[in-house]
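The values are calculated or read from the model by the stated rules, or taken from the named source; none is laboratory data. Since the structure is predicted, the reported quantities are computational estimates derived from the model, not experimental observations. No Cβ is skipped: glycine too gets one built from the backbone with ideal geometry, and neighbour counts run over all protein chains shown. Heavy atoms of the whole protein, side chains included, go into the accessibility calculation; ligands, DNA and RNA do not. Shrake-Rupley method; radii C 1.70, N 1.55, O 1.52, S 1.80 Å.
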Amino acid sequence: MEKFRGVDYYGIEELLTEEERMVRDAIRDWVEAEFLPLVAQHHREGTFPTHLIPKLGELGVFGATLKGYGCAGLNNVAYGLITQELERGDSGLRSCASVQSSLVMYPIYTYGSEAQKEKWLPRLQRGEAVGCFGLTEPDHGSDPGSMKTRALKKGDSYVLNGTKLWITNGSIADVAVVWAKGDDGEIGGYLVETGTPGFSTLDIHGKFSMRASITSELSFQDCRIPLENKFPTVTGLRGPLGCLSQARYGIAWGAIGAAMACYDWALQYAQTRVQFGKPIAQFQLVQRKLVWMLTEITKAQLLALQLGRLKDQGTARAQQISMAKMNNVWMALETARMARDVMGAAGIVDEHPVIRHMLNLETVNTYEGTHDIHTLIVGRDITGLSAFGD
Ligand code: TGC
Ligand code: FAD
């Protein structure tokens, strides 16, 4: 196949600033040169190229929208374009950056003490330290408010007990942002460092999705951490949900990247694959699929861009972010399935990126709030009635 040609049917390029285009192109070129040559092998072996993490730091990816502590202070559209380009490489690469930026650096920056910020943000920004985010538990996924993990105050420590499951970057993290209920039953956020006695991790194997990403279980057994490791300024579910709004925003853009990769690949394949004496791109049914993909990608681009502009104005609402995450990931998953179909048998091998994206997007559809949970978040917003059972 030829090099990726970009997907811009509506002249969206003209709606971007010079800086936004430069940021996007820098990440696009890096993904092309440094990541794409490695990803198929990592996907096969079920590993993540951890040696690239400091390079992502150097590129300014981590905490890109934060100000100070070495962070790039970019706007939200530029950050969205970064996640788009990372996920054009692989959802696992974007996941690594989302967790570090939105789920670890953002809460430290927003809810943390000055000492916590100074200790962690510069190292996390440079990719010298890695973080993970523990919210989901074996029995509490969509309903994190019912979590069982406890952080009870004993003398000059909090003592954590419980299990977090499906945690991206869990076993390679230097610090875990862990959400647990305190003595008063309120949810709080705690920083747990690797090596703390009573804290252990176990990687999850046998994944058919997100193979080039580390997913772990975190276990806390009478794990004692100092009092100063609690976030001082947040209590309740809005703490973790506030972080999720940041990460879901990045996913709304990232999914476009995965869809672009699949569409561009399927289009090039269809233009060169000959059956019945013609390129398959000449058949009406194949054209219909390609046009569906491009139309949905274009709609998703406009949705993400306007959401980014609202976020930069400070007016984006969590429910609008839910709509974009829900729609754009659905669009990307359908695009990947359709691109796989257009490629026939060739679509199932990892010589082509399409099946890898398709499998990854099954996870993206589920994590950070499932498609149906986001439907219910928007449903509650427009009707004023909650379908969550309360
Ligand atoms: P609800 O009553 O809706 O909200 C409780 C409090 O939180 C506030 N809130 C938010 N604040 C900021 N941002 C948001 N997005 C918020 N959504 C809600 C809300 O105002 C309220 O505040 P207050 O002050 O009144 O107490 O709570 P609920 O229990 O009814 O929530 C239900 C639901 C389903 C919406 C919520 O629990 C949910 O979103 N569930 C999905 C769980 C989820 O997304 N988990 C993701 C885990 S992390 C992950 O998947 C990382 S993948 C990483 C990667 O590799 O990229
Ligand atoms: P469940 O909540 O058990 O849902 C199962 C099904 O029931 C879904 O279809 C859901 O939509 C449906 N359902 C549930 N409640 C309702 C309802 N009220 N109405 C209608 N339908 C409903 N979590 C973290 O905390 N940190 C991470 O870093 C992280 N990384 C992840 C990485 C991977 C690879 C994966 C797969 C998951 C990760 N997660 C992480 C967990 C993820 O956020 C959860 O899987 C997700 O929130 C869904 O929870 P669950 O899997 O328990 O599904």
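Remarks
- Unique residue being within 24 Å of Phe133 (Cα to Cα), in contact with a His (Cβ under 9 Å, 6 or more places away or on another chain) and surrounded by 18 or more Cβ atoms within 10 Å (Cβ to Cβ) when the list is Ala252, Ala258: Ala258
- The set of residues in the range 218-235 that are open to solvent by 60 Å² or more (accessible area, probe 1.4 Å) and part of a strand (DSSP E or B) comprises Gln221, Asp222, Arg224.
- Within the range 266-288, the set of residues being in a helix (DSSP H, G or I) and open to solvent by less than 60 Å² (accessible area, probe 1.4 Å) comprises Ala266, Leu267, Gln268, Tyr269, Ala270, Ile280, Ala281, Val286.
- Residue list for the range 94-147, restricted to those being farther than 26 Å from Tyr79 by Cα, more than 10 Å from ligand 1 (Cβ to nearest atom) and without any contact (Cβ under 8 Å) to a residue 24 or more places away in the chain: Asp139
- For the residues Gly206, Gly239, the requirement of being within 16 Å of ligand 2 (Cβ to nearest atom) and open to solvent by less than 20 Å² (accessible area, probe 1.4 Å) singles out Gly239.
- Any pair with Cβ under 7 angstrom, 6 or more apart, that starts in the range 271-291 at a residue that is on the phi < 0 side of the Ramachandran plot and ends at one that is part of a strand (DSSP E or B) and open to solvent by less than 90 Å² (accessible area, probe 1.4 Å): Gln271/Pro279; Thr272/Pro279; Arg273/Pro279
- Taken together, the residues in the range 6-20 that are free of Cβ contacts under 8 Å to residues at least 40 places away in the same chain and in a helix (DSSP H, G or I) amount to 3.
- Residues satisfying the stated conditions in the range 212-234, i.e. more than 21 Å from Trp120 (Cα to Cα), within 16 Å of ligand 1 (Cβ to nearest atom) and among the hydroxyl-bearing types (Ser, Thr, Tyr): Ser213, Thr215, Ser216
- Candidate set from the range 296-326 (those that are more than 15 Å from ligand 1 (Cβ to nearest atom) and free of Cβ contacts under 8 Å to residues at least 40 places away in the same chain); member that is farthest from Thr363 (Cα to Cα): Gln313
Let's see how each residue does on (1) more than 20 Å from the chain's Cα centre (by Cα); (2) surrounded by 14 or more Cβ atoms within 10 Å (Cβ to Cβ):
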{"site": "Gly11", "(1), (2)": "yes, no"}
{"site": "Leu15", "(1), (2)": "yes, yes"}
{"site": "Glu18", "(1), (2)": "yes, no"}
{"site": "Met22", "(1), (2)": "yes, no"}
{"site": "Leu36", "(1), (2)": "no, yes"}
{"site": "His43", "(1), (2)": "no, yes"}
{"site": "Phe48", "(1), (2)": "no, yes"}
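- Screening Thr83 on (1) among the hydroxyl-bearing types (Ser, Thr, Tyr); (2) in contact with a strand residue (DSSP E or B) (Cβ under 6 Å, 6 or more places away or on another chain); (3) open to solvent by less than 10 Å² (accessible area, probe 1.4 Å) shows it passes everything except condition (2).
- Test: residue in the range 74-81 that is at pLDDT 95 or above, within 16 Å of ligand 1 (Cβ to nearest atom), aromatic (Phe, Trp, Tyr) and within 22 Å of the chain's Cα centre (by Cα): yes
- Of the helices (runs of 4 or more DSSP H) contained entirely in the range 53-103, those carrying at least 3 residues that are small (Gly, Ala, Ser) fall at 76-89, 91-98.
- For Thr298, the requirement of being away from ligand 2 (no atom under 16 Å from the Cβ) and more than 20 Å from the chain's Cα centre (by Cα) is met.
- The condition of being over 22 Å from Glu45 (Cα atoms), in a helix (DSSP H, G or I) and either open to solvent by less than 50 Å² (accessible area, probe 1.4 Å) or at pLDDT below 95 (or both) holds for only one of Ile377, Ile355, Ile382, that being Ile377.
- Positions within the range 301-321 being more than 19 Å from Arg21 (Cβ to Cβ) and surrounded by 22 or more Cβ atoms within 10 Å (Cβ to Cβ), in sequence order: Ile321
So that you can scan it fast, the table gives a plain yes or no per residue for (1) assigned to a strand (DSSP E or B); (2) open to solvent by 10 Å² or more (accessible area, probe 1.4 Å); (3) closer than 20 Å to Leu103 by Cα:
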site	(1), (2), (3)
Gly145	no, yes, yes
Leu152	yes, yes, no
Tyr158	yes, yes, no
Asn161	yes, yes, no
Trp166	yes, yes, yes
Ser171	no, yes, yes
Val177	yes, no, yes
Ala180	yes, no, yes
Asp183	no, yes, no
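- When residues of the range 358-370 are limited to those that are within 11 Å of ligand 1 (Cβ to nearest atom) and part of a helix (DSSP H, G or I), the one surrounded by the most Cβ atoms within 10 Å (Cβ to Cβ): Asn360
- Some residue of the range 133-140 being over 14 Å from Phe220 (Cα atoms), open to solvent by 10 Å² or more (accessible area, probe 1.4 Å), in a loop (DSSP other than H, G, I, E, B) and away from ligand 2 (no atom under 15 Å from the Cβ): no
- Verdict on Ala255 being in contact (Cβ under 8 Å) with a residue 24 or more places away in the chain and closer than 22 Å to Ala64 by Cα: yes
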